[in-house]
Amino acid sequence: MAQITAQEIIGIGVTGMLPAMILLDRDGRLLRPSIQQSDGRCGKEVTELLAEVSEVDFVAMTGNGINQQLVTAKLRWIEKHEPDVFAQIATVFGSYDYINWRLTGRRVIDQNWALEAGFLLVEDKELSDELIALAHVKRSAIPQVTASHEILGGLTAEAANALGLLKGTTVVGGAADHIASAFAAGITEPGDVLLKFGGSTDILIATDILKPDPRMYMDFHLLPGLYMPNGCMASGGSALNWFADHVAYGERDVAQSKGLSLHGHLDELAEEIAPGADGVQIIPYFLGEKTPLHDSLARGTITGLSLNHRLAHMWRALLEGFGYAFRHHIEVLNDIGHLTTRYLASDGGAQSRLWMQIVSDILQRPVQLLKGHPGSCLGAAWMATIGTGLSDDWLGTASFISLGERVEPDLENANVYNTGYANFRDTYQQLAPLNLGRTS
């Protein structure tokens, strides 16, 4: 707004976390803080759903499995633990749906929010009364579905005044952050893969084939006719931040004296450690794990540690742990029948040259870095561009993004990482029965 006038703004696109759950009463008041996508409190409700409903049928209907991500399971948790809140629910929708309502006064839900929530038929793109009934809420609580580029309406006078924009400025449907980010990054051809290094680590692919599988999530691509199967690990950058804040905090002064961030300093230390971290291995399931395990009781573990190891070994092992988790996802995607041919990396973690090399070595595939990728905001803005008719070029975001360095795998590290990956998978299997709450 410091560079352009309100008159120059033709359309607005909104993006946000999926599938956050926002609850309103009949007067439009927020009933409680939102429940986010990584929240695993509804494990028992997931178990109940699995006993009530055939997961095979559920996957065929919704494209997604029965897991902690479902809004259905979260609503059942609210029903049990916060019955006064549940009784007042008049609207259930997501983060950017809520913002769109505040902008336009119209209550709708994005099709990808509805799909991952467990309310939408994946083939028909229509809400299902049968699926909504599983959440035990009134049918009227689930608004109608809209596409990301569909015009919702114009800014209300109140919203326009608050934002310094013009009343009536067009607002389009908006998009899930991970889908919009992948679209803007250029994941537009079948076989394109985005490795997303944010607070959580995600993997998304473009495909023209609908092959639902309970191990992964299914979303619609922003390009009509394509799908975007994806995986989301419960942690990523959040785990690195936790390690830096609570384990490596003593290195802050050293990092500052070198003019580096703490993460950059730890990367420097870990570069001196051989691949495989001299036997130290970290399973990074610090918030449980979502895809492809869907195990809310999984926990982070450190194995192989001795008095001969240092902080640098653990930092490298943590970076390698997420590399192994990406490899697990790719194996699952290939097992389902999806091509994974071109790998791009985005978000803050992609700035770590060491992490990108580790991931490339573990996958034994080149990883293409991006320049100028601002994340999901570009994808949402382009949906507004399409929706308002400013352009009919669905691939026009390419003019805003350029390719950076291409990280090539070191073939000499293949064997050590093949062994490390096998140990990674086996360690989880062996330790899973010991995780707290497994038998409670």
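The values are calculated or read from the model by the stated rules, or taken from the named source; none is laboratory data. A quick note: this is a predicted structure, and the numbers were derived from the prediction, not measured. We place every Cβ from the backbone using ideal geometry, glycine too, and count neighbours over all the protein chains shown.
So that you can scan it fast, the table gives a plain yes or no per residue for (1) surrounded by fewer than 22 Cβ atoms within 10 Å (Cβ to Cβ); (2) not aromatic (Phe, Trp, Tyr):
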site: Ser38; (1), (2): yes, yes
site: Phe58; (1), (2): no, no
site: Asn67; (1), (2): no, yes
site: Phe86; (1), (2): yes, no
site: Asp97; (1), (2): no, yes
site: Ile109; (1), (2): no, yes
site: Asn112; (1), (2): no, yes
site: Glu130; (1), (2): yes, yes
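Among the residues of segment 255-273, how many are touching a residue at least 40 places away in the same chain (Cβ under 8 Å) and either of a type in the set (A, V, I, L, M) or touching a His at 6+ places or on another chain (Cβ under 8 Å) (or both)?
Final tally of qualifying residues: 4.
I'm checking my understanding of the structure. Among residues of segment 349-396 that are buried (at least 18 other Cβ atoms within 10 Å of the Cβ) and among the charged types (D, E, K, R), which one is nearest to Asp267 (Cα to Cα)?
Filtering first and then ranking leaves Asp361.
Please determine, by comparing only the residues of segment 311-345 that are in a helix (DSSP H, G or I) and aromatic (Phe, Trp, Tyr), which one is surrounded by the fewest Cβ atoms within 10 Å (Cβ to Cβ).
Applying the first criterion (in a helix (DSSP H, G or I)) to segment 311-345 yields 311-336.
From what's left, aromatic (Phe, Trp, Tyr): 315, 322, 324, 326.
Numbers: Trp315: 28, Phe322: 25, Tyr324: 25, Phe326: 23.
The residue in question is Phe326.
Rundown of residues vs (1) over 21 Å from the mean Cα position of the chain (by Cα); (2) over 14 Å from Cys232 (Cα atoms); (3) assigned by TED's automatic domain parsing to the domain that holds Ala184, yes/no style:
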| site | (1), (2), (3) |
| --- | --- |
| Ile282 | yes, yes, yes |
| Leu297 | no, yes, yes |
| Leu305 | yes, yes, yes |
| Met314 | yes, yes, yes |
| Leu318 | no, yes, yes |
| Gly323 | no, no, yes |
| Glu331 | no, yes, yes |
| Gly349 | no, yes, yes |
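So for segment 266-287 (the condition being closer than 17 Å to Ala325 by Cα and at pLDDT below 95), does at least one residue qualify?
Within segment 266-287, the first condition is being closer than 17 Å to Ala325 by Cα, and the residues that meet it are 275-277, 280-287.
Filter again for at pLDDT below 95, leaving 286-287.
Yes.
With the structure loaded, tell me whether Leu155 is surrounded by fewer than 19 Cβ atoms within 10 Å (Cβ to Cβ) and either more than 28 Å from Ile203 (Cα to Cα) or without any contact (Cβ under 8 Å) to a residue 40 or more places away in the chain (or both) or whether it fails that test. Quick ask: steps written out before the conclusion?
Numbers: surrounded by fewer than 19 Cβ atoms within 10 Å (Cβ to Cβ): no; either more than 28 Å from Ile203 (Cα to Cα) or without any contact (Cβ under 8 Å) to a residue 40 or more places away in the chain (or both): yes.
When the stated conditions are applied, Leu155 does not pass them.
Identify the residue in segment 249-297 that is among the hydroxyl-bearing types (Ser, Thr, Tyr) and in contact with a helix residue (DSSP H, G or I) (Cβ under 9 Å, 6 or more places away or on another chain) and, among all such residues, is surrounded by the fewest Cβ atoms within 10 Å (Cβ to Cβ).
So the first thing to find is which residues in segment 249-297 are among the hydroxyl-bearing types (Ser, Thr, Tyr), and the list is 249, 257, 261, 285, 291, 296.
Checking the rest, the ones that are also in contact with a helix residue (DSSP H, G or I) (Cβ under 9 Å, 6 or more places away or on another chain) come to 249, 261, 285, 291, 296.
Working: Tyr249: 11, Ser261: 14, Tyr285: 26, Thr291: 25, Ser296: 23.
In this case the residue turns out to be Tyr249.
Anything in segment 346-381 that is assigned to a strand (DSSP E or B), of a type outside the set (Ser, Thr, Tyr) and within 20 Å of Pro409 (Cβ to Cβ)? List them, or say none. Reasoning before the result, please.
To start, the set of residues in segment 346-381 that are assigned to a strand (DSSP E or B) comprises 346, 367-371.
Add one more test, that the residue is of a type outside the set (Ser, Thr, Tyr), and what stays is 367-371.
Within segment 346-381, Val367, Gln368, Leu369, Leu370 meet the criteria.
Would you confirm, using the coordinates I've provided, whether Gly13 is at positive phi and not aromatic (Phe, Trp, Tyr)?
Working: at positive phi: no; not aromatic (Phe, Trp, Tyr): yes.
Considered against the rule, which asks whether it is at positive phi and not aromatic (Phe, Trp, Tyr), Gly13 comes out as no.
Evaluate segment 168-183: report whether one residue or more is assigned to a helix (DSSP H, G or I), of a type in the set (S, T, N, Q) and outside the structural domain of Trp77 (by TED's automatic domain parsing). Let's see the steps before the verdict.
Taking segment 168-183 first, the residues assigned to a helix (DSSP H, G or I) are 177-183.
Keeping just the survivors that are of a type in the set (S, T, N, Q) gives 181.
Right, trim to outside the structural domain of Trp77 (by TED's automatic domain parsing) and you get 181.
So far as segment 168-183 goes, yes, one or more of its residues are assigned to a helix (DSSP H, G or I), of a type in the set (S, T, N, Q) and outside the structural domain of Trp77 (by TED's automatic domain parsing).
Considering every residue within segment 80-100, establish whether at least one is at pLDDT 95 or above, acidic (Asp, Glu) and under 24 Å from Thr15 (Cβ atoms). Show your work before the answer.
Step one: filter segment 80-100 for residues at pLDDT 95 or above, giving 80-100.
Now drop any that are not acidic (Asp, Glu), which leaves 82, 84, 97.
Next, only the ones that are under 24 Å from Thr15 (Cβ atoms) stay: 97.
Checked segment 80-100: at least one residue is at pLDDT 95 or above, acidic (Asp, Glu) and under 24 Å from Thr15 (Cβ atoms).
Report whether or not Pro366 is touching a Pro at 6+ places or on another chain (Cβ under 9 Å), of a type outside the set (Ser, Thr, Tyr) and not assigned by TED's automatic domain parsing to the domain that holds Gln69. First the steps, then the outcome.
Values: touching a Pro at 6+ places or on another chain (Cβ under 9 Å): yes; of a type outside the set (Ser, Thr, Tyr): yes; not assigned by TED's automatic domain parsing to the domain that holds Gln69: yes.
Judged against the criteria, Pro366 is a match.
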